[in-house]
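Worksheet: one structure, shown below.
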Amino acid sequence: MVMTGTDTDPLVTIVGGGVHGVHLAVRLLESGLIDLGELRIVDPAGLLESFRRTCRQCGMTEFRSPLVHHVATDPFSLRDFARERGREDELRSTTVGAARPTVSLFFDHAKWVCDRYSLESAHVDARATEIKECRHTVEIETTQDRLSTRWCLLAVGHGRSFTYPTWAIELVSTEPVTHVWEPGFDPDAIGETSSVGIVGGAITAAQLATTLGQLPGRDVMLFARSPFRVETLEASTDWMHFGGAIETLHAHPPASRAREELVAEARYDGTMPPYVFRRLQRALENGHVDLERSEITVATEAGGTVVVTCRDGSAFCLDKLVCATGFGSPYGGALFRQLHQHSTLQTGYRGAPVLDDDTLRWLRRDGTLSRIAVSGVAAQQVLGPFARNVIGARRAGTLIVRSLEAELGAATSEPKP
Ligand SMILES: Cc1cc2nc3c(=O)[nH]c(=O)nc-3n(C[C@H](O)[C@H](O)[C@H](O)COP(=O)(O)OP(=O)(O)OC[C@H]3O[C@@H](n4cnc5c(N)ncnc54)[C@H](O)[C@@H]3O)c2cc1C
């Protein structure tokens, strides 16, 4: 890679235009640290489009998080947006805490925020394939062009890393077996009179099963090996306040196995919120979804269908088998693997980036702060179990903007728009 770096280079390039990338962009513009012309957001899917697709793919209709969690900075921005448009009925009440927005309300508000800050004009329609830090710049190779930037904020989510059960791995490229997060998976393309198996026992599997179960003619079977577990949020709210609980995390070395395990223990993975559980119960009661309380051990493709055998000896022939078995390692995506193998940045347990706890900046091997900061699930060893969530984006925004303020020496000024 040829190293460049000119005064016309963008000051800040955000790689990833999901919830985290968009929120970081808003925070930077509102801080007055940079102008729109000094910002790039690189994303091959479009701003927020990848997240919109994942929500659609699993049939999600409502957010799990409260209405104050969204991409803008004013906590009540989404509520006001709903009120002004007569859409309060899209704020769903809850037994605990504040109401939650519907998916369409969340994304309409997010688009309104993007428009308000003209973020589309900063969007670069490309995938970052290689990132290298140089002395005064960060060089980003993309599928379109090479970008040179002073600061790079990595916000790529799980970066297309998701997990299949071992019995499914050989069948992944076959027509009947897929993963709910495969970019090509389209629940609407599952035809009538199809028998569909869904593998998993948590929120995504439950949402997909109930959505498909409502469609006429679909014969839906949920393969869930463990009892369902119900939790309102993805972890205890103690972790949302980024206070005492986070200190216990920071007591361990950065990017260590101890931190990774603490975060894994703190997350209520494999659970579903009460409203999803109730919907699933109703679908099971009225026969829209059947439940197989066993684990698939063998699956074989047979003439466009898949035959599965379970641990309890039962066997089924299905037209489609969709794995809702979760995301892979947050450091398993192509970009993190490239950075792990070829850069001067430190990595730790299972390739986790070694980040500074105060700034989220990736540490170089010599211990100094690099020009690359990380937001999202890959920052979970610093921000804890809510790092990937909308609330995690807010915390990351605070730390990263504060760090750039110190670096750029600019005083916070009035919001730009
Ligand atoms: C179905 C679902 C429901 C969820 N519901 C909630 C909820 O209710 N509340 C909550 O707080 N959290 C929720 N989450 C968790 C979290 O808020 C979301 O995952 C959120 O989308 C994370 O934002 P992100 O920007 O980190 O990642 P993403 O939304 O995945 O965005 C990452 C972006 O990076 C881009 N990208 C990836 N690789 C590259 C590359 N090499 N170059 C350029 N761009 C790249 C992708 O195209 C994508 O647009 C949910 C997650 C899922 C999957």
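Of the residues making up region 26-49, those that are at negative phi, near the ligand (Cβ under 8 Å from one of its atoms) and buried (at least 22 other Cβ atoms within 10 Å of the Cβ) number 3. Taking region 147-185 as the range and being under 30 Å from LEU39 (Cβ atoms) and among the charged types (D, E, K, R) as the test, the residues that pass are ARG150, ARG160. Return yes when GLY376 is at positive phi and either at pLDDT 95 or above or over 14 Å from the mean Cα position of the chain (by Cα) (or both) and no when it is not. Taking the combined requirement at face value, the residue satisfies it. Residues in region 98-131 that are out of contact with any helix residue (DSSP H, G or I) (no Cβ under 8 Å at 6 or more places or on another chain) and farther than 25 Å from THR142 by Cβ: 4 in all.
Among what's in region 153-163 and is open to solvent by 40 Å² or more (accessible area, probe 1.4 Å) and assigned to a loop (DSSP other than H, G, I, E, B), pick the residue that is modelled with the highest pLDDT. Ranking the candidates gives VAL156 first. Considering region 367-380, the residues that are within 13 Å of the ligand (Cβ to nearest atom) and part of a loop (DSSP other than H, G, I, E, B) include one that is surrounded by the most Cβ atoms within 10 Å (Cβ to Cβ), namely SER375.
Every residue, every condition in (1) at pLDDT 95 or above; (2) closer than 30 Å to THR359 by Cα, yes or no:
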position: THR193; (1), (2): no, no
position: VAL199; (1), (2): yes, no
position: PHE223; (1), (2): yes, no
position: LEU233; (1), (2): no, yes
position: ASP238; (1), (2): no, yes
position: ALA255; (1), (2): yes, yes
position: ALA258; (1), (2): yes, yes
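Within region 104-144, the set of residues being within 11 Å of the ligand (Cβ to nearest atom) and open to solvent by 20 Å² or more (accessible area, probe 1.4 Å) comprises HIS123, VAL124, ASP125, ARG127, THR129, GLU130, GLU141, THR143, GLN144. For region 255-282, the set of residues classified as open to solvent by 60 Å² or more (accessible area, probe 1.4 Å) and closer than 12 Å to GLN381 by Cβ consists of ARG257, GLU261, ALA264, listed by residue number. Would you say ALA255 is over 27 Å from LEU208 (Cα atoms), within 29 Å of the chain's Cα centre (by Cα) and not assigned by TED's automatic domain parsing to the domain that holds SER65? Yes; evaluated as a whole, the condition is true for this residue. Note on region 385-398: residues that are open to solvent by 10 Å² or more (accessible area, probe 1.4 Å) and either more than 7 Å from the ligand (Cβ to nearest atom) or not assigned by TED's automatic domain parsing to the domain that holds GLY17 (or both) amount to 3. In region 50-68, the qualifying residues are those that are part of a helix (DSSP H, G or I) and charged (D, E, K, R), and the one that is surrounded by the most Cβ atoms within 10 Å (Cβ to Cβ) is ARG52.
Looking across region 266-280, not a single residue is assigned to a loop (DSSP other than H, G, I, E, B) and among the β-branched types (Val, Ile, Thr). For the residues ARG350, ARG364, the requirement of being farther than 30 Å from ILE198 by Cα and surrounded by fewer than 18 Cβ atoms within 10 Å (Cβ to Cβ) singles out ARG364. Here is the figure for region 69-112: residues that are within 26 Å of GLY21 (Cα to Cα), in a helix (DSSP H, G or I) and without any contact (Cβ under 8 Å) to a residue 40 or more places away in the chain total 12.
Can you list residue pairs whose Cβ atoms sit under 9 Å apart, with the first residue in region 15-35 being of a type in the set (D, E, K, R) and the second being near the ligand (Cβ under 8 Å from one of its atoms)? Count only pairs 6 or more apart in sequence or on different chains. Listed by first residue and then by second, the contacts come to ARG27/ALA393.
Quick check on SER173: is it part of a loop (DSSP other than H, G, I, E, B), without any contact (Cβ under 8 Å) to a residue 24 or more places away in the chain and either surrounded by fewer than 19 Cβ atoms within 10 Å (Cβ to Cβ) or not assigned by TED's automatic domain parsing to the domain that holds CYS55 (or both)? Criteria met by SER173.
The values are calculated or read from the model by the stated rules, or taken from the named source; none is laboratory data. Small disclaimer: the values here were computed from a predicted structure and weren't measured. No Cβ is skipped: glycine too gets one built from the backbone with ideal geometry, and neighbour counts run over all protein chains shown. SASA here: full protein model, heavy atoms, side chains in, ligands and nucleic acids out. Shrake-Rupley method; radii C 1.70, N 1.55, O 1.52, S 1.80 Å.
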